[in-house]
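Notes to accompany the following structure.
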């Protein structure tokens, strides 16, 4: 049985990291930025000498079970693994119809992500409408970038969505495409969290562990 004494607590790991950042800051030539999720190694939370798979690679079944917000984070992580240098998830509200923006050089992707647990009913063309109407806003925010428009779902699009996507030059990515992506790119839970929890606040530790958000 694993006892509590065998674990380093979150506070202990945070203290170590703060001390490390303070040491860096003493050197004028070295920067010491704010702490963020990328500074932590989740495997460090495992008890000493007892390796645990705390950060598993996601399967297609995991992706199909993701909540809408986590599916957006998964989408951002997936495009980051494809080599895009700037990838970010847009705000939960006021996103102008775009959930994820991915840019490298003067080329980019605007992505609308639709997650559903309904396997019988295909995703409608609302996703296409959203990303098409949001294009102008993001062109203004990123002048000089030529964007491709995409919609992604963890299930399938219906026939009307496919027709509208073809007419509006929007690429559709469904669960079959995701399955193929996952054979080429490994996405872990921590990869998703890095796009969802980009800022630290007093409620961070509670927010990241909310069961309804972490349902993979």
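The values are calculated or read from the model by the stated rules, or taken from the named source; none is laboratory data. Note that the coordinates shown come from a computational prediction; the quantities given were computed from them, not determined experimentally. Every residue, glycine among them, receives a Cβ derived from its backbone with ideal geometry; neighbour counts consider all protein chains shown.
Numbers at a glance
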read-out: Exclusive hit being more than 25 Å from residue 141 (Cα to Cα) and in contact with a helix residue (DSSP H, G or I) (Cβ under 9 Å, 6 or more places away or on another chain), set 111, 57; value: 57
read-out: Failed condition for residue 135, given (1) within 20 Å of the chain's Cα centre (by Cα); (2) surrounded by 17 or more Cβ atoms within 10 Å (Cβ to Cβ); value: (1)
read-out: Hits in the range 120-148 (condition: within 15 Å of residue 162 (Cβ to Cβ) and outside any loop (DSSP other than H, G, I, E, B)); value: 123, 126, 127, 128, 129, 131, 132
read-out: Residue match in the range 61-77 (condition: in a loop (DSSP other than H, G, I, E, B), at pLDDT below 90 and assigned by TED's automatic domain parsing to the domain that holds residue 177); value: no
read-out: Some residue of the range 146-163 being out of contact with any helix residue (DSSP H, G or I) (no Cβ under 8 Å at 6 or more places or on another chain), at pLDDT 95 or above and on the phi > 0 side of the Ramachandran plot; value: no
read-out: Among residues of the range 100-119, those that are crowded, with 18+ Cβ neighbours inside 10 Å and either assigned to a strand (DSSP E or B) or without any contact (Cβ under 8 Å) to a residue 12 or more places away in the chain (or both), counted; value: 11
read-out: Any hit, the range 169-182, residues being modelled with pLDDT of 95 or more, touching a helix residue (DSSP H, G or I) at 6+ places or on another chain (Cβ under 8 Å) and part of a loop (DSSP other than H, G, I, E, B); value: no
read-out: Residue within the range 192-207 that is modelled with pLDDT of 55 or more, in a loop (DSSP other than H, G, I, E, B) and in contact with a helix residue (DSSP H, G or I) (Cβ under 6 Å, 6 or more places away or on another chain) present; value: yes
read-out: Within the range 138-150, tally of residues that are more than 23 Å from the chain's Cα centre (by Cα) and under 13 Å from residue 99 (Cα atoms); value: 0
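For (1) within 20 Å of residue 170 (Cα to Cα); (2) surrounded by 15 or more Cβ atoms within 10 Å (Cβ to Cβ); (3) without any contact (Cβ under 8 Å) to a residue 40 or more places away in the chain, each residue gets a yes or a no:
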{"residue": "63", "(1), (2), (3)": "no, yes, no"}
{"residue": "67", "(1), (2), (3)": "no, yes, no"}
{"residue": "83", "(1), (2), (3)": "no, no, yes"}
{"residue": "94", "(1), (2), (3)": "no, no, yes"}
{"residue": "98", "(1), (2), (3)": "yes, yes, no"}
{"residue": "126", "(1), (2), (3)": "yes, no, yes"}
{"residue": "145", "(1), (2), (3)": "yes, yes, no"}
